[in-house]
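Before any comments, here is the structure.
The values are calculated or read from the model by the stated rules, or taken from the named source; none is laboratory data. Just so it is clear, the structure is predicted and the values come from calculations on it, not from any experiment. Here the Cβ positions follow ideal geometry from the backbone for every residue, glycine too, while neighbour counts run over all protein chains shown.
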Amino acid sequence: MAHCLANTPALSAQIALLLTRQLSTRSTFLARAGTPDSSGPALKFFDVKVCDAVERRHDLQFASPFSKALFQAPMRQGGAGFVPGGDPLSVAAAFASAMAVTMRFIPKTPLSSIPTGLLTELPSFINLSICLQVLHTAHKFDEKFLPRQVVYFVAIFKKASPKDTAHIQGKITKLLQDAYHTALKEQSSPAQQAVLNSRQHPFASAWMRAIPVSSEFKLSDQTVRFGLSLATSSLLPNLPATCHCDSELTPEHLISCKNAHDKLLRHNLVVSSFVSFAAHHGVPSKQEPRCDYDDCKNAQRPDAVFFLPQDAVEVDVSITSPVCPSNMLATVKAGGSALLKRESVKNVKYREKARLRGNSFRPLVFETHGRPGADVRAFLRMLTSLPGSSLSMPVSDCMMQLQLQLLRGNSRMASSCIMRARYHRARGQDARYLDLGE
């Protein structure tokens, strides 16, 4: 099925990515139903085929261990969400969880007459013992939550209620994923640590959940391809080695190059979304309002003014890269540092001027990986909570549209940067004819 999706051009890349990820999560049923020896190899083969299908469909290669780790990381950690089901830990967690759920039914079966010591010698319990050893070797679980010994495992879960065993596989998997993410961060380079920290928030991979039910939620194939490249830190094929500014051409540099074109386009896409939200909720606004001479001279003119019933709010939209050289070390220490730094700069630049005009000011700042500032969410809540609006949009829908606009802007900026890099390389080779590529 995954290969069918990869080889069906009628499906957009966005829908193909959604369906492939949904199919990849269904494999856990096999791991819960079969023994580790029987289900493990099949699930591992399935994981490889899913990865191959995604690579083929989007013309990408998750070649490096770091890219593969991001591809298989859960979306809550900023990964692509293709969590493997065939690695030993996943198989062990699935089988142990299935056994935990079934323990409470033992008193209703002939197994209830078998002593616990003999019960643990049955093949299923031998496999359970192996799985528990694998899990406890990888992570130090609380013995009350997941006992290491089969005897204690049976004793605890025979008395457990359905509520006690609900979502137990998800809880085990989450602990394992968090431990792996911490280990990955410790052995990564500073640039990779910055990527991991900048993507560890709910909105980094939010665009992958967008269902294209309307034009606002649809993404072009090129945008989806670049979004997946950025999410997995995988290089697009056939790129020049260096940018036209002589920096290394990486996915991060493509959306943070100071000399790149279409940076203003990305900014304007986000501004236009805020203006559109305000108009939908009946709030008049004015973009690029005329200010006094000193404000224009010092580039202190806000991007827009929104005339809310209780207040006039001036805003300035800004997008900052948390992985660029000037922000990398701060992001390694704490994710969101680049965003707080830019918010502070905008407040110093605009807030006092807005106060003198009798207005309030909010910096609407995003990081390139999607992390929004606190003022973004506060401003959206102000718009959506206005009284008398029967067509109010949920904040979640507004935020999703902003994430999609940011991704579209990133993709356009990356395309422009790649085109200039190819042109720069061709000029260096004294090419007569120039192929800028797609």
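Between 285, 229, 256, 234, the distinction of being in contact (Cβ under 8 Å) with a residue 12 or more places away in the chain, under 22 Å from the mean Cα position of the chain (by Cα) and more than 16 Å from residue 321 (Cβ to Cβ) belongs to 234 only. Across region 105-116, not a single residue is classified as surrounded by 12 or more Cβ atoms within 10 Å (Cβ to Cβ), under 28 Å from residue 180 (Cβ atoms) and not assigned by TED's automatic domain parsing to the domain that holds residue 38.
Summed over region 307-326, residues that are crowded, with 16+ Cβ neighbours inside 10 Å, in contact (Cβ under 8 Å) with a residue 60 or more places away in the chain and out of contact with any His (no Cβ under 7 Å at 6 or more places or on another chain) total 6. Being touching a helix residue (DSSP H, G or I) at 6+ places or on another chain (Cβ under 7 Å), closer than 30 Å to residue 194 by Cβ and either in the same structural domain as residue 393 (by TED's automatic domain parsing) or surrounded by 14 or more Cβ atoms within 10 Å (Cβ to Cβ) (or both): is that true of residue 271 here? No; evaluated as a whole, the condition is false for this residue. Which one is nearest to residue 283 (Cα to Cα) among residues in region 344-358 that are over 29 Å from the mean Cα position of the chain (by Cα) and of a type in the set (A, V, I, L, M)? It comes out as 354.
Quick check on residue 335: is it out of contact with any Gly (no Cβ under 6 Å at 6 or more places or on another chain), under 24 Å from residue 208 (Cα atoms) and in a loop (DSSP other than H, G, I, E, B)? When the stated conditions are applied, residue 335 passes them.
Within region 216-226, being within 13 Å of residue 415 (Cβ to Cβ) and surrounded by fewer than 24 Cβ atoms within 10 Å (Cβ to Cβ) holds for 220, 221, 222, 223, 225.
Between 366, 379, the distinction of being touching a Lys or Arg at 6+ places or on another chain (Cβ under 6 Å), of a type outside the set (Val, Ile, Thr) and assigned by TED's automatic domain parsing to the domain that holds residue 318 belongs to 379 only.
Considering 330, 278, which residue is of a type in the set (A, V, I, L, M), on the phi < 0 side of the Ramachandran plot, part of a helix (DSSP H, G or I) and over 25 Å from the mean Cα position of the chain (by Cα)?
Values: 330 fails: over 25 Å from the mean Cα position of the chain (by Cα).
278 is the lone residue from the list that is of a type in the set (A, V, I, L, M), on the phi < 0 side of the Ramachandran plot, part of a helix (DSSP H, G or I) and over 25 Å from the mean Cα position of the chain (by Cα).
Give region 166-187 a look and list any residue that's of a type in the set (S, T, N, Q) and surrounded by fewer than 19 Cβ atoms within 10 Å (Cβ to Cβ), or say none. Scanning region 166-187 gives 182, 187. From the list 399, 413, which one is in contact with a strand residue (DSSP E or B) (Cβ under 9 Å, 6 or more places away or on another chain), under 24 Å from residue 79 (Cβ atoms) and assigned to a helix (DSSP H, G or I)? Checking each option against the conditions leaves just 399.
Does any residue of region 138-148 turn out to be under 26 Å from residue 67 (Cβ atoms) and surrounded by fewer than 21 Cβ atoms within 10 Å (Cβ to Cβ)? Yes, region 138-148 contains at least one residue that is under 26 Å from residue 67 (Cβ atoms) and surrounded by fewer than 21 Cβ atoms within 10 Å (Cβ to Cβ).
Within region 370-425, track down each residue that is of a type in the set (D, E, K, R), at pLDDT 85 or above and farther than 23 Å from residue 338 by Cβ. Write out each step before concluding.
Pass one, region 370-425, residues of a type in the set (D, E, K, R): 371, 375, 377, 381, 397, 408, 412, 420, 422, 425.
Filter once more, so that each one left must be at pLDDT 85 or above: 371, 375, 377, 381, 397, 408, 412, 420, 422.
Matches in region 370-425: 381, 397, 420, 422.
For region 359-371, check the following and say yes or no: at least one residue is under 17 Å from the mean Cα position of the chain (by Cα) and farther than 15 Å from residue 202 by Cα. Before the answer, list the steps.
We begin by selecting, within region 359-371, every residue under 17 Å from the mean Cα position of the chain (by Cα); these are 366-371.
Going one step further and asking which of them are farther than 15 Å from residue 202 by Cα, we end up with none.
Looking through region 359-371, none of the residues is under 17 Å from the mean Cα position of the chain (by Cα) and farther than 15 Å from residue 202 by Cα.
Quick check on residue 404: is it in the same structural domain as residue 303 (by TED's automatic domain parsing) and outside any helix (DSSP H, G or I)?
Values: in the same structural domain as residue 303 (by TED's automatic domain parsing): yes; outside any helix (DSSP H, G or I): no.
Taking the combined requirement at face value, the residue does not satisfy it.
The helices (runs of 4 or more DSSP H) falling completely within region 1-104 that include 3 or more residues that are out of contact with any Ser or Thr (no Cβ under 6 Å at 6 or more places or on another chain) and modelled with pLDDT of 90 or more map to 13-25, 36-58, 65-72, 88-102. The single condition among (1) part of a helix (DSSP H, G or I); (2) without any contact (Cβ under 8 Å) to a residue 60 or more places away in the chain; (3) more than 21 Å from the chain's Cα centre (by Cα) that residue 382 does not satisfy is (2).
Return yes or no: is residue 123 surrounded by fewer than 14 Cβ atoms within 10 Å (Cβ to Cβ) and free of Cβ contacts under 8 Å to residues at least 24 places away in the same chain? Criteria not met by residue 123.
Checked against the criteria, residue 229 counts as surrounded by 15 or more Cβ atoms within 10 Å (Cβ to Cβ), modelled with pLDDT of 90 or more and among the small types (Gly, Ala, Ser).
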